[in-house]
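Student: I'd like to ask you about the structure that follows.
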């Protein structure tokens, strides 16, 4: 329901025939469905993301910042979407990909929102420390994303790299991998400052691609949200290739995981190869959406003209 309300707010309507399609795209997405059946906590993270977006679309700043603060308590990686969600509260969620402009974003309003988030985050941190009786929970929650203590195979890119990493290089590359996730915030938010909801959508795809401990649901919410942006469909360059990559990866990952860890007839390279295919599928989807989001403003291609660079 939250995703449907985001769609309605973006289109400035109270209801539409597309509502059911958006609900089906989310609820029947295999990545999200299987994560729910596996009793993963990722659907809870997705719920908080969608609630934060819904509240932001309807200008409920306190509810929005509280949802983001709870989300960051669970996973530090979602700090990536704090800035674009704050921009939604100021600029609005409306579809402006076809008519880009430079919005007036008052710094005082932006800093006020970030300050409110910091207040909620500090309060939740204090409550967590009080509930646990000490501060050791930080190393077991936030520290897990920063130090990568558990190298159990997962759909992400980090685990195999750090399995093969020499110990004296580990700290440096942990810093590089962690910082790398956050370097996309300003470029994406500046490029899509006129449509911060689309910026949030793109950054969610990047989180699903480069998160330390990703799950299928992290990519699932990004794929499901494509239904909210039908204006980009005519400008997607390789949707069939991206779809086939996802299908290929979804078949390879359980197969190679079983060959390696259950039957013992494979090795780590088998499963990591399938996660690389999954990463290529996610990366192709993110790049295609970034391109098409910029391409919308130029309209349909005209005869004797070629788009060289946005």
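Student: Within the range 258-269, track down each residue that is surrounded by fewer than 18 Cβ atoms within 10 Å (Cβ to Cβ) and on the phi < 0 side of the Ramachandran plot. So that I can check it myself, show each step before the final result.
Tutor: Restricting attention to the range 258-269, the residues satisfying the condition of being surrounded by fewer than 18 Cβ atoms within 10 Å (Cβ to Cβ) are 258-259, 261-269.
Scanning the range 258-269 gives 258, 259, 261, 262, 263, 265, 266, 267, 268, 269.
Student: Restricting the range 139-159 to residues that are in contact with a helix residue (DSSP H, G or I) (Cβ under 6 Å, 6 or more places away or on another chain) and in a loop (DSSP other than H, G, I, E, B), which is nearest to residue 216 (Cα to Cα)?
Tutor: Top of the filtered list is 155.
Student: Any residue that is under 23 Å from residue 71 (Cβ atoms) and buried (at least 20 other Cβ atoms within 10 Å of the Cβ) - is there at least one of those in the range 228-243? Full working, then the answer.
Tutor: If we filter the range 228-243 for residues that are under 23 Å from residue 71 (Cβ atoms), which is where we start, we get 228-229.
Next, from what is left, pick out any that are buried (at least 20 other Cβ atoms within 10 Å of the Cβ): 228-229.
Yes, there is a match, as at least one residue in the range 228-243 is under 23 Å from residue 71 (Cβ atoms) and buried (at least 20 other Cβ atoms within 10 Å of the Cβ).
Student: Outside any loop (DSSP other than H, G, I, E, B), over 30 Å from residue 163 (Cα atoms) and in contact (Cβ under 8 Å) with a residue 60 or more places away in the chain - does that describe any residue in the range 273-290?
Tutor: Here is the first cut: in the range 273-290, the residues outside any loop (DSSP other than H, G, I, E, B) are 273-290.
Applying the additional criterion that residues be over 30 Å from residue 163 (Cα atoms) yields 288-290.
Of the ones still in play, those that are also in contact (Cβ under 8 Å) with a residue 60 or more places away in the chain are 289-290.
Within the range 273-290, one or more residues are outside any loop (DSSP other than H, G, I, E, B), over 30 Å from residue 163 (Cα atoms) and in contact (Cβ under 8 Å) with a residue 60 or more places away in the chain.
Student: Kindly establish whether residue 257 is more than 30 Å from residue 143 (Cβ to Cβ) and more than 14 Å from the chain's Cα centre (by Cα).
Tutor: Values: more than 30 Å from residue 143 (Cβ to Cβ): no; more than 14 Å from the chain's Cα centre (by Cα): yes.
It is false that residue 257 is more than 30 Å from residue 143 (Cβ to Cβ) and more than 14 Å from the chain's Cα centre (by Cα).
Student: I've got another one for you. Kindly provide the set of residues from the range 223-242 that are over 25 Å from residue 12 (Cα atoms) and within 18 Å of the chain's Cα centre (by Cα), ordered by number.
Tutor: Step one: of the range 223-242, the residues over 25 Å from residue 12 (Cα atoms) are 237-242.
Correct list: 242 only.
Student: Residues in the range 211-226: is at least one surrounded by fewer than 22 Cβ atoms within 10 Å (Cβ to Cβ) and over 17 Å from residue 160 (Cα atoms)? Spell out the reasoning first.
Tutor: Taking the range 211-226 and keeping what is surrounded by fewer than 22 Cβ atoms within 10 Å (Cβ to Cβ), we get 213, 226.
So of that shortlist, the ones also over 17 Å from residue 160 (Cα atoms) come out as 226.
Scanning the range 211-226 turns up at least one residue that is surrounded by fewer than 22 Cβ atoms within 10 Å (Cβ to Cβ) and over 17 Å from residue 160 (Cα atoms).
Student: Look through the range 160-206, keep the residues that are outside any helix (DSSP H, G or I) and in contact (Cβ under 8 Å) with a residue 24 or more places away in the chain, and return whichever of them is surrounded by the most Cβ atoms within 10 Å (Cβ to Cβ).
Tutor: Filtering the range 160-206 down to residues outside any helix (DSSP H, G or I) leaves 164-166, 183-184, 192-195.
From the residues that got through so far, the ones that are in contact (Cβ under 8 Å) with a residue 24 or more places away in the chain too are 184, 192-195.
Numbers: 184: 20, 192: 24, 193: 18, 194: 19, 195: 29.
Only one residue fits best here, namely 195.
Student: Which residue, of 111, 55, 117, is in contact with a helix residue (DSSP H, G or I) (Cβ under 6 Å, 6 or more places away or on another chain), over 30 Å from residue 148 (Cβ atoms) and without any contact (Cβ under 8 Å) to a residue 60 or more places away in the chain? Quick ask: steps written out before the conclusion?
Tutor: Values: 111 fails: in contact with a helix residue (DSSP H, G or I) (Cβ under 6 Å, 6 or more places away or on another chain); 117 fails: over 30 Å from residue 148 (Cβ atoms).
The conditions single out 55.
Just so you know, all these numbers are worked out from the coordinates, no wet-lab data involved. Bear in mind the structure is a predicted one, so any value in this text is a computation, not a measurement. Cβ sites come from the backbone with ideal geometry, for glycine too, and all protein chains shown count toward neighbours.
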